[in-house]
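Enquirer: Before we start, here is the structure in question, set down as structure tokens.
The values are calculated or read from the model by the stated rules, or taken from the named source; none is laboratory data. For clarity, every value in this text was computed on a predicted model and none was experimentally measured. Ideal geometry is used to build each Cβ from the backbone, glycine not excepted, and the neighbour counts take in all protein chains shown. The accessibility values were calculated without ligands, DNA or RNA, using every heavy atom of the protein model including side chains. Shrake-Rupley method; radii C 1.70, N 1.55, O 1.52, S 1.80 Å.
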Amino acid sequence: MNKYQLYRLICKNATLKEERHPMLDKNRFMKFLMGFMWLYYAGILLLMGVVMAMGMKYSYNGVAAFHVFDGGILYLLLLDFWARFGLQETPAQNAQPYTLLPIRRSFLMNLYLIRSGLALGNLYWGFLLIPFGLIAITIPLGWGAFIGWLLGWWLLLVMNGYAYMFCRALILKHLAWLLLPIAIHGALLSVMLVPDKNPLDMPCTILMYDFIQWKILPFILVAILIAFFYWANYKLQKGMIYNEVAKKEEKEIKHTTQLNFLNRFGKLGEYFKLEVKQRLRNKTVRMSFLVGLGLMIALSSIMYFSDVYDNSFMRSFICLYNYIILGMMTLVTIMCYEGNYIDGLMSRRESILQLLTAKYYFNVLLLLIPPIILTPLMIIGKMSVWMNLGYFFFTAGVLYPLLFQMAVYNDNTLPMNTKMTSKQGNTAQQIISMVILFLPIGLEKGATALLGEPWGYVLLAALGLVGVLMHQYILRNVYSRFMARRYKNMEGFRASRNS
């Protein structure tokens, strides 16, 4: 088999990847939903492109609309970078299934790096850029200027994609590398937002105008950056492939936390220790926790330092998101991590009930973190104390019990330490995540519209307090239904344990 035939075969396997996934039957609705959301956001971008081109035309004292748009190029690149975390895999993740075959790693790396650079995902922003450019650039400057501007944007997005893959590979090696993009992007945002006038506005505008004029130097500079990140990804990820397959890890002897003060609570204390140690020792669980914490701080910081999220909906969404995200990241897949050792749990009477109780208490304890992060917003008046109290009790008494219902139906084991391979969630998990994120906001808006702002939040808190007082009954009900399905669930856990 020559290289061209091998290339065709790997590309074919990539297109069949989703159809071969063992969770296909459970994800058909989610695929439809993802397709709908893809079209929905494409429509929004298309509308934004038209509206921005028309709105900027006469709004900035004669400054061309594309100059105003290009001054904010870094905002779009930062948004594109962080959006890739949920959408794009690294070449090492894609190449991993072929590492035990007699195929050169250099060929695999070059193939997947080139495919990543030419991926259609880099063209998604075209739904915003093309209508904007057709109106704002083609009419005054012609088609040549529009094509040069669009080509420049595409090269910047390709460079951004390679930069993302490099950072993502480092983060997969050690979570501390997440501080690298946070620090760089935080510094850029500080430079752009803190001064009265953005000092990076003019350099960005000049760069994009050089693309419009087809000046060769900016194209060469961006091409050099693309080549640099391509080379960096090649060197870094080539060495990571076999390390993942062989589970090669550096181990060091260190003292473990005993948490002896929990011994007084008996079996409940032991399961509480298990929750703590999962987040301290297991890479997948620990990374989910830290990513959730980082998102809480990032959204709260943006709201504190800028007026972008000062509307009523975003205030409610950020408040709810801070309270629910840490719990939702693990509770929506509740029992999936325990599927790795479910046989041991089922060997003891009522151990599942004690485990569920410990999980509830632990996640309620985590609700003490959001008020600390949101305190600066309450001090400056961007978020009310009543809103925090409402969402605190509503999360503990209504949203958490709703998430605990997934313990009855989850039957797919998730790996606790594997970094490069992941399993898709089932349809129920995706639906309940959306319900958790948006239903409380609708309830809050309706309650505050009918009762007034303080009393609407009081109603949320009262509903949550009822759920907190009834948590033992709710958990026992979940436990009884879980035990009624235990054999079916255990069969699913075992079947998916090594898939």
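Enquirer: If the chain between His185 and Trp38 were fully stretched, how many nm would it gain, using 0.36 nm times the residue separation less the Cα-Cα distance?
Expert: 50.3 nm
Enquirer: For each pair in Lys277/Lys359; Lys12/Lys238; Lys382/Lys445; Lys238/Lys283; Lys173/Lys283, compute the distance between the two Cα atoms and list the pairs where it is over 19 Å.
Expert: From Lys277/Lys359; Lys12/Lys238; Lys382/Lys445; Lys238/Lys283; Lys173/Lys283, over 19 Å: Lys12/Lys238; Lys238/Lys283.
Enquirer: Determine, from the Cβ-Cβ distance of Met470 and Ile216 and an R0 of 60 Å, the FRET efficiency 1/(1 + (r/R0)^6), rounded to the nearest 0.05.
Expert: So the FRET efficiency works out to roughly 0.30.
Enquirer: May I ask you to compute the full-extension gain from Arg264 to Tyr341, defined as 0.36 nm times their residue separation minus their alpha-carbon distance, rounded to one decimal in nm?
Expert: Additional length available on full extension: 25.2 nm.
Enquirer: For the stretch 105-151, what are the per-bin percents of Cα-Cα distances with bins 10 Å wide, up to the bin holding the maximum?
Expert: P(r) for the stretch 105-151, in whole percents per bin: 25, 35, 22, 15, 4.
Enquirer: Further question on the same structure: Which order do Ser480, Ser301 take by accessible area at a 1.4 Å probe, largest first?
Expert: Putting Ser480, Ser301 in descending order of accessible area: Ser480, Ser301.
Enquirer: Right, something else. Taking the Cβ of Asp70 as the centre, find all other residues whose Cβ is under 13 Å away and add up their charges (Lys, Arg: +1; Asp, Glu: -1).
Expert: Net charge in that neighbourhood comes out at -2.
Enquirer: Still on this structure, I have one more. Run the simple label-point estimate for Lys235 and Met483 please: 7 Å along Cα→C-beta, distance reported in nm.
Expert: 6.0 nm
Enquirer: For the stretch 443-452, take each phi angle, set θ = phi - 60°, evaluate the Karplus expression 6.51 cos²θ - 1.76 cosθ + 1.60, and give the result in whole Hz per residue in order, putting x for glycine and proline.
Expert: 5, 5, 5, x, 5, 5, 5, 7, 9, x
Enquirer: Starting from 0.36 nm per residue, how many nanometres of slack lie between Arg348 and Thr375 once their C-alpha separation is accounted for?
Expert: 5.4 nm
Enquirer: Something else: Given a 1.4 Å probe and every protein chain left where it sits, what share in percent of the accessible area of the stretch 157-245 is carbon and sulfur?
Expert: The C+S portion of the solvent-accessible surface of the stretch 157-245 is 75 percent.
Enquirer: Hey, what do the phi angles of the stretch 264-274 turn into as Karplus ³J(HN,Hα) couplings, whole Hz, using 6.51/-1.76/1.60 and θ = phi - 60°, x for Gly and Pro?
Expert: Result, rounded to whole Hz: 5, 8, x, 5, 4, x, 5, 6, 5, 4, 4.
Enquirer: I would also like to ask the following. So what J values fall out for the stretch 374-389 if you push phi through Karplus, 6.51 cos²θ - 1.76 cosθ + 1.60 with θ = phi - 60°, rounded to Hz, Gly and Pro as x?
Expert: Whole-Hz 3J(HN,Hα) from phi for the stretch 374-389: 8, 4, x, 5, 5, 5, 7, x, 7, 8, 8, 5, 5, 4, 5, 5.
Enquirer: Here's something else I'd like to know. Whenever you get a sec, compute what percent of the accessible area on the stretch 447-499 sits on carbon and sulfur atoms (1.4 Å probe).
Expert: 63 percent
Enquirer: Rounded to the nearest whole Å², what accessible area per residue is found for the stretch 130-179 with the 1.4 Å probe?
Expert: Using a 1.4 Å probe on heavy atoms only, each residue of the stretch 130-179 averages 38 Å².
Enquirer: Can you give the accessible area per residue of the stretch 336-469, in Å², using a 1.4 Å probe?
Expert: 42 Å²
Enquirer: Pull up all non-local amide H partners of Asn417: gap of 5 or more, or a different chain, and H-to-H distance under 5 Å with H placed in the peptide plane.
Expert: Residues meeting the amide H criterion: Thr284.
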